[in-house]
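The values are calculated or read from the model by the stated rules, or taken from the named source; none is laboratory data. On a predicted model such as this, the values are computed, not experimentally measured, just so you know. When we count neighbours, we look across all protein chains shown, and the Cβ atoms used for this are built from the backbone with ideal geometry, even at glycine.
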Ligand code: SAH
């Protein structure tokens, strides 16, 4: 009986040994695979910045470095990952899109951010633009009207280690008064006019970049506040999803 027990133990130990050997072999091969994938994505990011962004005239070194750093593929849904670094907007669910990389870079550069700036973003979407901003300023406050999108973005940003981005669900037309005034405001959905609360929540010397107009006649507008007055400059024709209120009505 004792001998039988010992045999069973030995057999069990052998099986366990074999299992842990197979596991370690698996880990050995899984690790480089994932690393390979990350290296591949980093190369695609380099190419994206060089061919889509620098080639079109964005030259702010800090903005280019942020675009090279932020892992765009982690902000898009799994089926879109392979396309994450292509020259186009991509679906992120709920009928919404992550903006084309060039547009993200262009709008970010237009804000002339400083490391000490506090930024308000309207339209969190995937959280990608918020991550790019977070690389360049002190704090980002971002508002998303579709709760599941805002929640998902918040999780992805947290996993990526961004502690200086705060996301809330709500109607961004009204801004986020609690943390105002903002050195910069970026709007990534398009209202028919510049929301008054956003103008009021912009700090003296602040910049706002916002697509304004009815689809498909929208223009990117850059506003600057000096001496309490806003100057307004139309800089690029664009296409963004409309800004909606909580009933789903377009602003
Ligand atoms: N900046 C995003 C792109 C967002 S697309 C990114 O990097 O992925 C525009 C987003 O604006 C959508 O998610 C849409 O739901 C949101 N949106 C539309 N109207 C809004 C409103 N009134 N307040 C806040 N977000 C709004």
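Considering every residue within region 199-206, establish whether at least one is free of Cβ contacts under 8 Å to residues at least 60 places away in the same chain, on the phi < 0 side of the Ramachandran plot and buried (at least 20 other Cβ atoms within 10 Å of the Cβ). Yes: region 199-206 contains one or more residues that are free of Cβ contacts under 8 Å to residues at least 60 places away in the same chain, on the phi < 0 side of the Ramachandran plot and buried (at least 20 other Cβ atoms within 10 Å of the Cβ).
For region 110-130, what are the residues that are within 11 Å of the ligand (Cβ to nearest atom) and either farther than 10 Å from residue 185 by Cβ or in a loop (DSSP other than H, G, I, E, B) (or both)? 123, 124, 125, 126, 127, 128, 129, 130 - these are the residues of region 110-130 that are within 11 Å of the ligand (Cβ to nearest atom) and either farther than 10 Å from residue 185 by Cβ or in a loop (DSSP other than H, G, I, E, B) (or both). Residue 150 passes every criterion in (1) near the ligand (Cβ under 10 Å from one of its atoms); (2) crowded, with 19+ Cβ neighbours inside 10 Å; (3) under 19 Å from residue 202 (Cα atoms) apart from (3).
Please find, within region 171-190, the residue that is nearest to residue 204 (Cα to Cα) out of those that are in a loop (DSSP other than H, G, I, E, B) and near the ligand (Cβ under 9 Å from one of its atoms).
First, the residues of region 171-190 that are in a loop (DSSP other than H, G, I, E, B): 171, 175-176, 180-181, 188-189.
Next cut, near the ligand (Cβ under 9 Å from one of its atoms) only: 171, 188-189.
Working: 171: 24, 188: 22, 189: 24 Å.
My answer is 188.
Entry remark, region 160-185: residues being at negative phi and in contact with a helix residue (DSSP H, G or I) (Cβ under 6 Å, 6 or more places away or on another chain) number 7 in total.
Does residue 141 satisfy the criteria of being touching a helix residue (DSSP H, G or I) at 6+ places or on another chain (Cβ under 8 Å), within 22 Å of residue 109 (Cβ to Cβ) and in a strand (DSSP E or B)? I'd like the intermediate steps shown before the answer.
On the way: touching a helix residue (DSSP H, G or I) at 6+ places or on another chain (Cβ under 8 Å): yes; within 22 Å of residue 109 (Cβ to Cβ): yes; in a strand (DSSP E or B): yes.
When the stated conditions are applied, residue 141 passes them.
Going residue by residue through region 157-170, is there one that turns out to be closer than 21 Å to residue 66 by Cβ, in a strand (DSSP E or B), within 12 Å of the ligand (Cβ to nearest atom) and touching a residue at least 24 places away in the same chain (Cβ under 8 Å)? There is at least one residue in region 157-170 that is closer than 21 Å to residue 66 by Cβ, in a strand (DSSP E or B), within 12 Å of the ligand (Cβ to nearest atom) and touching a residue at least 24 places away in the same chain (Cβ under 8 Å).
Per the listing 106, 75, the residue uniquely crowded, with 19+ Cβ neighbours inside 10 Å, within 15 Å of the ligand (Cβ to nearest atom) and farther than 25 Å from residue 151 by Cα is 106.
Can you confirm whether residue 215 is surrounded by 20 or more Cβ atoms within 10 Å (Cβ to Cβ) and either modelled with pLDDT of 95 or more or more than 19 Å from residue 105 (Cβ to Cβ) (or both)? Steps first, please.
Values: surrounded by 20 or more Cβ atoms within 10 Å (Cβ to Cβ): no; either modelled with pLDDT of 95 or more or more than 19 Å from residue 105 (Cβ to Cβ) (or both): yes.
The answer is no for residue 215.
Of all residues in region 80-90, those that are within 13 Å of the ligand (Cβ to nearest atom) and either in a helix (DSSP H, G or I) or touching a residue at least 24 places away in the same chain (Cβ under 8 Å) (or both) total 2. Only one entry in 51, 33 is part of a helix (DSSP H, G or I), out of contact with any helix residue (DSSP H, G or I) (no Cβ under 9 Å at 6 or more places or on another chain), farther than 13 Å from residue 128 by Cβ and modelled with pLDDT of 95 or more, namely 51.
Could you tell me whether any residue of region 201-213 is outside any strand (DSSP E or B), within 16 Å of the ligand (Cβ to nearest atom) and touching a helix residue (DSSP H, G or I) at 6+ places or on another chain (Cβ under 9 Å)? Yes, region 201-213 contains a residue that is outside any strand (DSSP E or B), within 16 Å of the ligand (Cβ to nearest atom) and touching a helix residue (DSSP H, G or I) at 6+ places or on another chain (Cβ under 9 Å). Among the conditions (1) at positive phi; (2) more than 13 Å from the ligand (Cβ to nearest atom), residue 93 misses just one, which is (2).
Please enumerate the residues belonging to region 218-251 that are within 16 Å of the ligand (Cβ to nearest atom), within 20 Å of residue 101 (Cα to Cα) and not in a loop (DSSP other than H, G, I, E, B). Hits for region 218-251 are 218, 220, 238, 242.
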